[in-house]
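Trainee: I am attaching a structure below and will ask some questions about it afterwards.
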Amino acid sequence: MKLITLLSCFFILFSFQTTKASHGMGGEITWRCLPNGQFVFTMNFYRDCQGISCPGGPLNLIVSNHPTVTSIQLTSSYNEDLTPQGCGSCANPGPGSVQKCVYESAPLTLAGTPPDSGWVFDWYSCCRSTSLGNIMN
C-alpha cells in the first residue's frame with residue numbers, strides 16, 4: 001500500500017509541465033481632428049517581445065456616453081521595435097525587448113456635445129505583463 005502511495009505521489013509531482021503566461025505592458029488611445037471636422041483614433045499597444053503577440057485586428061474601441069456611436073473599429077497600421085540598445089530586438093528577443101503595435105480608425109464624425117461626464121473611449125485586454133516593476137499587483 002505504501003508503495004502505491006509513494007508511486008502515486010511521485011507520478012503526480014513529476015507529471016506537470018512548466019506553464020508560462022505573458023501579457024501586454026500597456027497602451028494609450030489618442031485622437032486627432034482633421035481639417036474637415038472628422039476624427040481619427042489611434043491606439044498604441046506595448047508588448048514584451050518575449051511574450052504575447054500584437055493583438056489581431058480589427059480591434060474595437062468601446063465608446064460610452066455618446067448617443068449614437070458605441071464602438072470604433074481600428075485596424076493594424078504598423079509595428080515599431082522600441083527595444084533599447086543592448087537588449088536584442090523583437091526579431092531576436094531578449095530581456096527588455098519591447099514592441100509598439102499601432103492601430104488606427106478610418107476618419108469618422110462624432111456629432112454632438114459631450115455631456116459633463118464626457119465621452120469615454122476604452123479598449124480592454126485581460127492582463128498586464130509581469131515584467132513591469134513600477135505597478136503593484
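Readers should treat all values here as calculations from the given coordinates under stated rules, not as data from a laboratory. Quick caveat: nothing in here was measured; it's all calculated off a predicted structure.
Trainee: Can you list residues from other chains, or at least 5 along the same chain, whose modelled amide H is less than 5 Å from the amide H of TRP123?
Mentor: Here the answer is ILE62, since their amide H atoms fall under 5 Å of that of TRP123.
Trainee: Using each residue's phi in region 36-41, evaluate 6.51 cos²θ - 1.76 cosθ + 1.60 at θ = phi - 60° and report the 3J(HN,Hα) Karplus result to the nearest Hz, with x for Gly and Pro.
Mentor: 8, x, 7, 10, 10, 9
Trainee: Can you work out ³J(HN,Hα) from phi for every residue in region 101-106, in order, using Karplus 6.51 cos²θ - 1.76 cosθ + 1.60 and θ = phi - 60°, giving whole Hz and x for Gly and Pro?
Mentor: 10, 10, 10, 9, 8, 6
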